[in-house]
1. Could you go through segment A:117-128 and let me know if any residue there is at pLDDT 90 or above, buried (at least 20 other Cβ atoms within 10 Å of the Cβ) and aliphatic (A, V, I, L, M).
2. Quick check on my filter: what residues within segment B:189-210 are in a loop (DSSP other than H, G, I, E, B) and out of contact with any Ser or Thr (no Cβ under 9 Å at 6 or more places or on another chain)?
3. Can we say B:VAL628 is touching a residue at least 12 places away in the same chain (Cβ under 8 Å), within 29 Å of the chain's Cα centre (by Cα) and crowded, with 24+ Cβ neighbours inside 10 Å?
4. Restricting to segment A:141-160, and then to whatever is of a type outside the set (A, V, I, L, M, F, W, C) and under 11 Å from A:GLN88 (Cβ atoms), can you tell me which residue is surrounded by the fewest Cβ atoms within 10 Å (Cβ to Cβ)?
5. So if I check each of B:ALA603, B:ALA589, B:ALA619, B:ALA584, which one is in a helix (DSSP H, G or I) and buried (at least 24 other Cβ atoms within 10 Å of the Cβ)?
6. Can you tell me which residues in segment A:40-61 are modelled with pLDDT of 75 or more and either surrounded by 19 or more Cβ atoms within 10 Å (Cβ to Cβ) or away from chain B (no Cβ under 12 Å) (or both)?
7. If I filter segment A:84-104 for residues that are within 10 Å of chain B (Cβ to nearest Cβ), more than 30 Å from B:PRO265 (Cβ to Cβ), at pLDDT below 90 and over 17 Å from the mean Cα position of the chain (by Cα), do I get at least one hit?
8. Would you pick out the residues in segment B:697-726 that are among the hydrophobic types (A, V, I, L, M, F, W, C) and not in a helix (DSSP H, G or I)?
Amino acid sequence: MEQFSDDASHEVTQILRDWSGGDASAAERLMPLVYDELRRLARSYLRRERSDHTLQPTALVNEAYLKLVDQSRVSWQDRHHFFGIAAQMMRRVLVDHARANAAEKRGGQRDKVSLEDVDVSTGQRAAELVELDDALQRLTEVFPRKGKVVELRFFGGFSVVESAEILGVSDKTIMREWESAKLWLYRELDEGGAPGEGNENRV
Amino acid sequence: MKGTKTESEVERLRRADEIVQSALEFWGDEQRALLDEACTGDALLRAEVDSLLNYREQAKDFIETPAFVFGAEWWADGDGAPGKVGQRVGAYQLVREIGHGGMGVVYLAQRADGEFEQQVALKVVRRSFADAELGRRFRRERQILASLNHPNIARLLDGGVSAEGEPYIVMEHVEGVRIDDYCNAGDLSTTARLRLFRGVCRGISFAHQNLVVHRDIKPSNILVTADGTPKLLDFGIAKLLDPTQGGGEHTRTGMRAFTPDYASPEQVSGEQITTASDVYSLGVLLRDLLAGSRPSMWHGRAGPTAGQPRWGARPARDHAQDAPATTALTHYPVAETIATNVVRETKGDGGRTPTAVRKFAGVELQNIVAMAMHDEPARRYASAAQLDEDIQRYLDGRPVRAQKDSFTYRAGKFIRRNRVGVAAAGLVLLTLVGGIIATVWQARRATAERDRARVEAAKSARINEFLQHLLGFSQVGWISPNPQKKNVSTIAEALDEASKRAERELADQPEILAAVQFTLGQSYFGQGKVDLAVQHLRASMETRRRILGPEHLDTAQSMTALAEQFVFQGKYGEAETLSREAVATYRRARERGEVNARWFALALNVFGVSVGYKGDAPASEAALLEAVQVGANLTGQDRGMIAVIYSNVGIQRGNQGDIDGAVDYLQKSIEEMRHLPDKPLSNLAINLSNLGSFMTIKGEYVQAESLLREAHDLNLQTVGDKHLFTVMSLIYLADNYCEQGDYDRAIKEVNRALTIQRETLQQGHIDFARSWTIRGKILTRLGYLAEGEEQLRLALALRQKALKAGHTAIAGTQGALGECLTAQGRYAEAEPLLTESHKTLAAKLGANDPRTQKANRRLAALHQAWLKPAPPA
C-alpha cells in the first residue's frame, strides 16, 4: 500500500525470501518489523481512528501483510511464514499491552474499586491475558505444536483451515490440538497456574 | 505444573495427550471404555487424562474469541485525556472525574454560572470519536434525546463543543451502583433480579416508542439508585457519535461504539441497527444478571465471533441447518447456572414445588433469554415491551411466549456428534399413543374429585358413610390427586374389603350399590388395577342401565368411565363404541337443557382418544376440540380436564406431523395444570414425558432426556414403580438413550420396563409392542440381528392385529424391522417394509416430519447397501 514506505516492504519481502532460502536468522529479523506494524495498526483500529475497522485480528494481520510484503515477489510458503510470525507478534503486542495495563491498575486505582470505577473489568481482563500467556508458555514447553495452534487461533484469529495451511497439517490435527490445548490451558488457569510472575497479578 | 519436568513426567503428559485427543471424539460409556483400555494399570496416567477431560464442558467456549477482541477496551483506555478537573467546559465547572470508558472521560460537574445547583454528569468525548459532523448531528438529535423523560432513563440535558474543540454531553447525574454489582453485592434472588430488569425494559421500551435506540446497553451503562430504580445512561449517545449517521440516510451501521459482549450479531457485522439490537443486548444483560456473575473474558458468547461455527470462518447464516438457532445458551454453564439458581431458590417452600416444576421454571427463563438473543433479529421479541411482558408472565406463573423455538438451542455439538446415522420411527409413535392413553387418565383424576359432590346429597352421604366406615379413613385416599405410595397396600386391602361388603350389604339398594361400584372402579384405577376397575365399572354400568335406563346421565357416566378403562386395556373398539354412545346421550341431554359439561367433555375426550388410537386423526382432533369447547367454562380443579384435552390435542397434532403444534398444546396443558388448586403431579409427569418424547423426535436429545428423567422421578414419587405411567416413562427414556447411541442404558431401561409389563399387563396387551419395538431396535443396533428380528416381528404382528392398517405405529415397527433386515443383507425382504413404512408416514405426517425423514433415510441406506456387491456368503 502506498502510504507505507517501499523500504519496509522491500525489507520484509526480502527477509521472507531469505527465510525460504534457508536463512535461519530470518524469523528473528522479521519480528520487530511485524511487531511495530501490528502495534501501530492495533492502536489505530482500536482507537477507532478508522471507519472501516472490523475488530477482527485477521483483518489486522492481513493489512500488515499487504503493507509489508510485495505479493508479486513472494511464494505461498513465504506467506505462511509471515502469518506464523504475525500471530506470534500479535500475541506479544497484546500481552505487552496487557502487562502494562495490569501493572498500572495494580499500582494505583485498582485497590479501591469504587462504585464509579466504570471499567473494573479492564484490569481483570488484562491480568487474565497475562496469566494465559504464562500458561501458554508452559504448554509450549511440553507441546510445541499446541502452543503454535493456540497462537494462531487465539492471538492471530486464524480459522482452523487457515491454521492448518500455515502449519502444513490437516484440519483434523488442528482441531485435535486446539481442543486438547484448551483443556490443558483451562486446567492451568483453573488450578491457579505455576508460581511465577503471572501470578502476582492476581491481587 | 512444575517448571522442570522429568523425562518420565513429560512422557506421561504426551501419552495422556494422545489419549485425550482420541477420547475427545467420544462421550459417555464409549469414552469411558476407551479410557479404561488406554490407561490400564497406570493410575497416574488415568488421573492426568481425567483431570483434563473434566474440563471439557467448562472449556467449551474458552478462548474461542480472539484475544484481540478483548483488548479493544484497553487501547482506548490507555491514553485517557489529561485530567480536566477544575476546568470549565461550556457552562459547566468540572468537579471531579467519575469514570472513563472507551468513548471518553466522565466528570461530575455543575453549572459554572450558578444558575442551577444541580450536579450533572458531563462526558468529554475522546477526540478520536469526534468528527466535524458531530455538532450538527447533536443539534438534530438533542431535541429527541432531551424529550426522553422517563424514570428509568438518565436524561440528556445539554451538550456542545468546548472551547478546545472537544464535544461534550451533559446528562442527569445518577448516583448509583452498576446493575450487576448491585445484584451480586445484594445477592438478589432471581425474582428480584427480574423485577429490576423489568425497569430496564421499561426504559428501553419508552425510548423505542420515541424512536431512539440505545445501541450500547451493558451493565456499566445501567446504574441502580439507592431506592432500587435502574437508570439507563448514555441513551442514544452511540448513535450520536456514529459518523455514518448522515441526515435522512437509511443505512445505519453502528460500527463505531459497542461492547463486543453485548452487541448483537447484526451490530457486529455492521448491518442495520434497529430496536431489535437493543432487545438482543437486553437478552445478554438478562442472561448475565440471572447467571449471577459477569462471564470472564474467556467465556460466554463472545461478541464478534458469535454465530460462527466453531471450526470455520463462515458466518452461521450461510449454513443455517448446521448451526444452532441461537448461540445464546449453547454455553452450558450459563444456562445451567440460571436453572440451578432458580431451583435453589425455590427450594425453600418446604418441598411443595416439585423439582420438575422448579427445573421447568429455569428452562423457561433460559427460553426467554434465548429468544431475546436469537441470532435472527426477526425471531427475537418484537419489542422490549414484549420481553418485559414475558417476564411479567413468568413472574405471574403464566405461560411464557418464549418456548416454541427454545428446544433447539441446547442440542448443540453434543448431539451432532452423537447422532446415530439411522434413527427409528417406531417407538416414538408408540410413545405418543401411550401419551394419549395416559392423558385419558388425567381427565379421570380431574373429574374424580367432583364425583362425590355430584351424587345427590342423600346418596352421597350414604355412600361416603359406607365407604369411610369400611375403609377407616376420614379422607378417602383414592381421590387425592397425589396418592401416596406408602398407602398402597392399605388402600388396596381396604378396597377389596369394601368391594366384598358392598355386594353383600347393598344388594337391596342397587342404585347406591352402582354408585359405590362406580367409585370403587375409579379407586382401583388409582391403584393401577385396571382389570378390577373394569370389573366394578362394568357392574356399575349394567346396574344403572337396568334400573335407570340407557338414557340416564348416571348410566352415561359409568359408560364413559368404563370406556376410559378399555382404552387403558388397549381395547379401542369397545372404548369407541361405549364413548360414542355416551357422547350421544350427552348431546341429547344438552338439547333437553341438561348439561353436564364435565362428563360430556370427558366422554368426548375418551372418544377422541379411542378413534385417534385407531388412526383416525381428523375425527380425533374434531372430538377433542369439541371437548375443549364443551368444557370451556369449567373452573377450579375441573380445569384439569381442559389441561388433559389440550395435552391430547397436542399428541394428536404430533401424530399428524405437526410437532411444533404438539409442543404448544403440551405446554398449554402444563400451564393449566400449574394453576389448578391441587397441582396434579402425576399429570405433570405425563406431560413432561410426552414433551420429552416429542423432543426425542425432534432430535433434541439432551433436553428430552432431562424432561424424561424428571417425568420418571415424578412418576416414582406419585404412582410408584409398577404403574403403567412409570413404565411408559422408562420406555421413553430407553428410546431416548437408543437415539443417543447409548445402547447399554437403553437396553437396561427397556428390560426393566418389560419386566414390569410382564407382571402387570395381560398377555397380548398392545403396550408390549411398544417395548418390543424399541428392544428390537436396540438389539439390531447392537448387532444381535436374529434376536432383534424376532422381537420386531412379534411387535409387528401385535400391532397389525390391534391397530387399523396404515397406522403410523405399524409403520414405525416396519421401519425398525426393515433396518434389521437391511443389516442382515436381506434387502429384498427389507424393501417392501421400508417402502410401506415411508409411504404411511409421509401420508400421515407429511414429508418434513422427522419420523418420515428417518424412514426416508432408512430406505436410502437400504438402496445404498443394495447397490454394493453382495457380501460373500
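The values are calculated or read from the model by the stated rules, or taken from the named source; none is laboratory data. Bear in mind the structure is a predicted one, so any value in this text is a computation, not a measurement. Note: ideal-geometry Cβ built from the backbone for every residue, glycine included; neighbour counts use all protein chains shown.
1. First, pick out the residues of segment A:117-128 that are at pLDDT 90 or above: none.
Scanning segment A:117-128, I find no residue that is at pLDDT 90 or above, buried (at least 20 other Cβ atoms within 10 Å of the Cβ) and aliphatic (A, V, I, L, M), so the answer is no.
2. B:SER189
3. Judged against the criteria, B:VAL628 is not a match.
4. Just the residues of segment A:141-160 that are of a type outside the set (A, V, I, L, M, F, W, C), to begin with: A:141, A:144-148, A:151, A:153, A:156-157, A:159.
Now restrict to residues that are under 11 Å from A:GLN88 (Cβ atoms): A:147-148, A:151, A:156.
Working: A:GLY147: 20, A:LYS148: 22, A:GLU151: 22, A:GLY156: 29.
Within segment A:141-160, the match that is surrounded by the fewest Cβ atoms within 10 Å (Cβ to Cβ) is A:GLY147.
5. When all the criteria are applied, what remains is B:ALA603.
6. Across segment A:40-61, the qualifying residues are A:LEU41, A:ALA42, A:LEU60, A:VAL61.
7. Yes.
8. B:VAL719, the sole residue that qualifies.
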